[in-house]
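Enquirer: A single structure is presented below for examination.
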Amino acid sequence: MLTLIRNGEIYAPEYLGKKDLLLVNDKVGFIEDHINLPDRFVDIKVVDASGKYVVPGFIDSHVHIMGGGGEGSFKTRTPEIQLSQATLSGITTLIGVIGTDGTTRTMPSLIAKARALEEEGITCFVQTGSYQVPLKTLTGKIEDDLILVDRIIGVGEVAIADHRSSQPTVNELAKIASAARVGGMLSGKSGIVNIHVGDSRNHLKLIEEVVETTDVPLKQFYPTHINRNPHLFEAGIEYALNGGYVDFTTSTIPQFLEEGEVKCSVGLKRMLDAGVSIDQITFTSDGQASLPHFDENGELIGLKIGMVSSLYKEVKDAIKDEGIPPEIALKVITSTPAKILKLTNKGYVKEGADADLVLLDKESFDIDTVLAKGKIMVESGKAIVKGTFEA
Ligand code: ZN
């Protein structure tokens with residue numbers, strides 16, 4: 001299958017200018033100023049990208065793909081993600097995580113959902129474990145999960161600094177990180193340890209203690225929810241200036257922002273202004289997580305669900321409202337997560353990479369077309385490929 005994308009302006013994420021792209025099956029075959037093919041060439045699909053930017057498919061590295069939540073009892077368990085929720089949001093690679101409930105949400109189900117999304121046309125990996133320590137892995141060992149199970153690329157989300165975490169010790173977290181490190185090395189995967197950081201004033205101290213007292217490097221950890229409150233955000237800046245990765249969560253509700261959560265687009269500007277490298281910052285949506293809404297007496301009055309559509313929305317806001325150049329802002333959902341997660345065929349528009357592409361309208365920056373592994377999933381903002389049970 002050949003697809004020719006003509007006259008688009010490419011952010012790879014660095015700016016390449018106006019180019020044609022020839023997709024060969026699921027890969028980017030050639031990128032040239034002009035690609036001329038004979039009129040009566042073999043079956044070829046031509047996409048006119050005039051007036052569009054062509055950018056890498058987005059990577060959302062923290063999504064509760066089979067549902068999450070349940071923190072307000074069973075009826076608050078959230079549903080699975082559907083294919084078009086991801087593709088309409090420009091997302092072509094998802095990383096699935098379990099979350100708080102490591103009892104009714106299991107690794108076999110998580111892997112089955114990842115495989116389902118793969119069958120439906122996008123790329124999906126998972127992290128092993130959930131909030132709780134000791135970690136409930138698939139095979140019983142972190143190293144074995146990473147080495148033997150193709151879909152598992154890292155560990156997490158392990159919860160720290162949170163009343164819902166199992167209050168792991170420095171030693172417990174160090175053991176997890178070193179197992180993930182060795183499993184990652186032996187399997188050629190990232191072996192990253194995704195850390196859920198809660199609202200407690202302990203912030204990132206547990207990770208810092210592991211790094212100070214053992215041989216585990218800081219970059220073995222990938223802490224998320226860094227923008228959840230102003231004091232964690234400040235601690236996150238220090239942590240990043242010391243060389244650590246920081247991930248912001250884009251799903252939110254107005255109440256969280258009123259209470260001090262840092263809006264991702266604004267937070268990105270603040271981190272860059274503070275001198276943090278763009279290569280250490282990522283956005284993830286925390287999609288399908290439950291977002292509990294409490295009244296002033298702490299009573300649960302409503303429950304929303306994290307949306308993967310928030311992922312690119314915050315990047316767009318960073319470009320349009322904060323004035324961050326597209327080639328910088330786009331990195332937080334393309335090349336940077338690809339590097340952290342060691343997804344070598346993802347995150348860039350380049351020859352030989354997977355043909356995961358998003359076409360953005362040059363005026364509005366809205367998502368127009370989405371291709372996953374060379375196949376058109378979204379056209380003119382509409383999902384033309386639906387998940388198995390989508391209407
Ligand atoms: Zn979390």
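Enquirer: Could you grab the pairs with beta carbons closer than 8 Å, sequence gap of 6+ or different chains, first residue in region 247-259 and assigned to a strand (DSSP E or B), second one surrounded by fewer than 16 Cβ atoms within 10 Å (Cβ to Cβ) and among the β-branched types (V, I, T)?
Expert: none
Enquirer: Any residue in region 273-301 that's aromatic (F, W, Y): show its pairings with residues that are assigned to a loop (DSSP other than H, G, I, E, B) and within 16 Å of the ligand (Cβ to nearest atom) at Cβ separation under 9 Å, as long as the two are six or more apart or on different chains.
Expert: F283/T250
Enquirer: Something else: From the list I226, I195, which residue is part of a loop (DSSP other than H, G, I, E, B), crowded, with 24+ Cβ neighbours inside 10 Å, among the aliphatic types (A, V, I, L, M) and modelled with pLDDT of 95 or more?
Expert: Values: I195 fails: part of a loop (DSSP other than H, G, I, E, B).
Only one candidate qualifies: I226.
Enquirer: Condition check: surrounded by 15 or more Cβ atoms within 10 Å (Cβ to Cβ) and either among the small types (G, A, S) or touching a Cys at 6+ places or on another chain (Cβ under 8 Å) (or both). Does F256 satisfy that? Spell out how you get there, then give the answer.
Expert: Working: surrounded by 15 or more Cβ atoms within 10 Å (Cβ to Cβ): yes; either among the small types (G, A, S) or touching a Cys at 6+ places or on another chain (Cβ under 8 Å) (or both): no.
In short, no.
Enquirer: How many of the residues in region 1-54 are assigned to a loop (DSSP other than H, G, I, E, B), under 18 Å from K362 (Cα atoms) and touching a residue at least 60 places away in the same chain (Cβ under 8 Å)?
Expert: Let us first name the residues in region 1-54 that are assigned to a loop (DSSP other than H, G, I, E, B), namely 1, 12-14, 25-26, 33-43, 49-51.
Keeping just the survivors that are under 18 Å from K362 (Cα atoms) gives 12-14, 49-51.
Subsequent filtering for residues that are touching a residue at least 60 places away in the same chain (Cβ under 8 Å) retains 12-14, 49, 51.
Of the residues in region 1-54, 5 are assigned to a loop (DSSP other than H, G, I, E, B), under 18 Å from K362 (Cα atoms) and touching a residue at least 60 places away in the same chain (Cβ under 8 Å).
Enquirer: A follow-up question, please. For region 177-206, give me each residue that is among the polar types (S, T, N, Q), in contact (Cβ under 8 Å) with a residue 60 or more places away in the chain and within 16 Å of the ligand (Cβ to nearest atom). Steps first, please.
Expert: In the first step, residues of region 177-206 are kept if they are among the polar types (S, T, N, Q); the result is 178, 187, 190, 194, 200, 202.
Keeping just the survivors that are in contact (Cβ under 8 Å) with a residue 60 or more places away in the chain gives 190, 194.
Selection gives N194 alone.
Enquirer: Consider I95 against the criteria (1) outside any loop (DSSP other than H, G, I, E, B); (2) under 21 Å from L357 (Cβ atoms); (3) away from the ligand (no atom under 16 Å from the Cβ): it satisfies all of them except one. Which criterion is unmet?
Expert: Condition not satisfied by I95: (3).
Enquirer: Quick check on this structure: which one of A161, A174 is more than 30 Å from I384 (Cβ to Cβ), buried (at least 18 other Cβ atoms within 10 Å of the Cβ) and within 16 Å of the ligand (Cβ to nearest atom)?
Expert: Working: A174 fails: within 16 Å of the ligand (Cβ to nearest atom).
Matching residue, one of A161, A174: A161.
Enquirer: Another question, then. Find the residue count for region 303-313, including only residues that are over 16 Å from V55 (Cα atoms) and within 16 Å of the chain's Cα centre (by Cα).
Expert: As a first pass, look at region 303-313 and keep what is over 16 Å from V55 (Cα atoms): 303-310.
Add one more test, that the residue is within 16 Å of the chain's Cα centre (by Cα), and what stays is 306-310.
Going through region 303-313 one residue at a time, the tally reaches 5.
Enquirer: Residues that are surrounded by 24 or more Cβ atoms within 10 Å (Cβ to Cβ), among the polar types (S, T, N, Q) and closer than 29 Å to K342 by Cα: does region 287-309 have at least one?
Expert: yes
Enquirer: Residues of region 55-91 being in a strand (DSSP E or B), under 18 Å from the mean Cα position of the chain (by Cα) and of a type in the set (S, T, N, Q), which ones? Give the derivation first.
Expert: Quick first cut of region 55-91, residues in a strand (DSSP E or B) only: 55-56, 58-63, 69, 71, 73, 77, 91.
Subset that is under 18 Å from the mean Cα position of the chain (by Cα): 55-56, 58-63, 91.
The one that is in a strand (DSSP E or B), under 18 Å from the mean Cα position of the chain (by Cα) and of a type in the set (S, T, N, Q): S61.
Enquirer: Working carefully through the options G96, G72, G67, find the one that is free of Cβ contacts under 8 Å to residues at least 40 places away in the same chain and either in contact with a Cys (Cβ under 8 Å, 6 or more places away or on another chain) or closer than 30 Å to H163 by Cα (or both). First the steps, then the outcome.
Expert: Details: G72 fails: free of Cβ contacts under 8 Å to residues at least 40 places away in the same chain; G67 fails: free of Cβ contacts under 8 Å to residues at least 40 places away in the same chain.
Going through G96, G72, G67 in turn, just one is free of Cβ contacts under 8 Å to residues at least 40 places away in the same chain and either in contact with a Cys (Cβ under 8 Å, 6 or more places away or on another chain) or closer than 30 Å to H163 by Cα (or both): G96.
Enquirer: Here's another thing I want to ask about it. What do you reckon, is S290 modelled with pLDDT under 95, within 16 Å of the ligand (Cβ to nearest atom) and over 26 Å from A180 (Cα atoms)? Reasoning before the result, please.
Expert: Numbers: modelled with pLDDT under 95: yes; within 16 Å of the ligand (Cβ to nearest atom): yes; over 26 Å from A180 (Cα atoms): yes.
So S290 fits the description; yes.
The values are calculated or read from the model by the stated rules, or taken from the named source; none is laboratory data. A quick note: this is a predicted structure, and the numbers were derived from the prediction, not measured. Glycine gets a Cβ as well: all are built from the backbone with ideal geometry, and neighbour counts include every protein chain shown.
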